[in-house]
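Novice: I have a structure I would like to understand better, so I am pasting it below and will then ask my questions one at a time.
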Amino acid sequence: MHFATAVANANIALIKYWGKRDEKLMLPTKNSFSVSLNALNTTTKVSFANNDSLLINGVAATTKSQEKFFHFLVEFREKYKINSNFCVESINNFPTAAGLASSASGFAALTLALNDLCGLGLERKKLSMLARLGSGSASRSVYNGFVLFNRGSLSDGLDAFAEQIFDDSHWPEFRIIVVVLESGPKKISSSQAMKITTSTSTSYVDWVDQSNLRLPQMIDAVAQKDIAAVGTLAEQDCLGMHQTMRDASPSINYFNGCTWQVVNAVRQLRDSGVECYFTIDAGPNVKVLTTSFEQKKVLNTLAQLTGVQRIIVSGI
Ligand code: PMV
């Protein structure tokens, strides 16, 4: 085979992963739980080459993404005793520059394509562990639907992989509205911010404990398709995670004025009886969790806010 192509969806964590227990093996300190986004995906084509190269949307990758990519290929070759180099062409169907997490779908698609090209025939669990070496959240993007990423307890990481809990047909009415906001370049990478948080934050251990208690409640809420419970738990988990960053030294903040504006709009909508909730990751953009029944009302409100660059509506 001369080339292989694979597609993977982005995912948003409802119960967050934040912090590593092993940096080289990318082992998380805690379990996380996510939902896949059918509107946001990466398509990746890989072929054998004389040198490693990476094109994202037809343009040579930035130094930062190249670093992570080269690191991943080094680990991949070592793990599967492969000598080749690879030409990788990755296309995101969403704005890469808008600060949306493309590393999860990117590394998941790369993993799936390499598995095909090199004829490895890896099972999902192994694919998840391999994608994890690119980016922790990528371990969840080798599946669709609602996905649990187990932290594992072994030091070699052989029990740190993701698994699907509900498939993508479980909750057809669930919607994730991605609100892309005006923003400059990312202030600090998630890896660096995680490191500062785990080593200095005064509230980190407490958040991990609380988040671990929320996880079974979240799985139960998704099983029941209870948007109020899912949204409330997701907001608590997200706000707790961002608080751990504010309590770190130096303090880290990914929100900007527009972020707060969207958060307040979501809260006001909810006060007026519309079922919608927010979650935010390592950047200023907001993801609104709601249902197809409420989608129109939410979109009408969001469209009126200043600082909103683009709105993407996604199902699972
Ligand atoms: O996988 P990374 O290194 O991009 O980290 C993801 C961290 C969060 O998006 C903030 C949370 C998560 O679980 O996806």
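The values are calculated or read from the model by the stated rules, or taken from the named source; none is laboratory data. All of these numbers come straight from a predicted model, not from anything done at the bench. Virtual Cβ from ideal backbone geometry, glycine too; neighbours counted across all protein chains shown.
Novice: Checking the condition surrounded by fewer than 18 Cβ atoms within 10 Å (Cβ to Cβ) and either of a type outside the set (A, V, I, L, M, F, W, C) or assigned to a loop (DSSP other than H, G, I, E, B) (or both), which residue from Gly152, Gly134, Gly119, Gly106 passes?
Specialist: Answer to the check: Gly119.
Novice: Looking only at segment 15-30, decide whether some residue is under 22 Å from Glu89 (Cα atoms), in contact (Cβ under 8 Å) with a residue 40 or more places away in the chain and either within 16 Å of the ligand (Cβ to nearest atom) or part of a strand (DSSP E or B) (or both).
Specialist: No - not one qualifying residue is present in segment 15-30.
Novice: Restricting attention to segment 34-53, does a residue exist that is under 24 Å from Thr279 (Cα atoms), at pLDDT 95 or above, in contact with a Lys or Arg (Cβ under 7 Å, 6 or more places away or on another chain) and surrounded by 15 or more Cβ atoms within 10 Å (Cβ to Cβ)?
Specialist: For segment 34-53, residues under 24 Å from Thr279 (Cα atoms), at pLDDT 95 or above, in contact with a Lys or Arg (Cβ under 7 Å, 6 or more places away or on another chain) and surrounded by 15 or more Cβ atoms within 10 Å (Cβ to Cβ): present.
Novice: Let me ask something else. What are the residues in segment 54-78 that are surrounded by 15 or more Cβ atoms within 10 Å (Cβ to Cβ) and assigned to a helix (DSSP H, G or I), if any?
Specialist: Once the filter is applied, which keeps residues that are surrounded by 15 or more Cβ atoms within 10 Å (Cβ to Cβ) and assigned to a helix (DSSP H, G or I), segment 54-78 yields Ser65, Gln66, Lys68, Phe69, Phe72, Leu73, Glu75, Phe76, Arg77.
Novice: OK, next. Could you list, in sequence order, all residues of segment 219-237 that are surrounded by fewer than 22 Cβ atoms within 10 Å (Cβ to Cβ) and either within 16 Å of the ligand (Cβ to nearest atom) or in a loop (DSSP other than H, G, I, E, B) (or both)?
Specialist: Ile219, Gln224, Lys225, Asp226, Glu235, Gln236
Novice: In this structure, is Ser141 within 13 Å of the ligand (Cβ to nearest atom), in contact (Cβ under 8 Å) with a residue 24 or more places away in the chain, touching a strand residue (DSSP E or B) at 6+ places or on another chain (Cβ under 6 Å) and of a type outside the set (A, V, I, L, M)?
Specialist: yes
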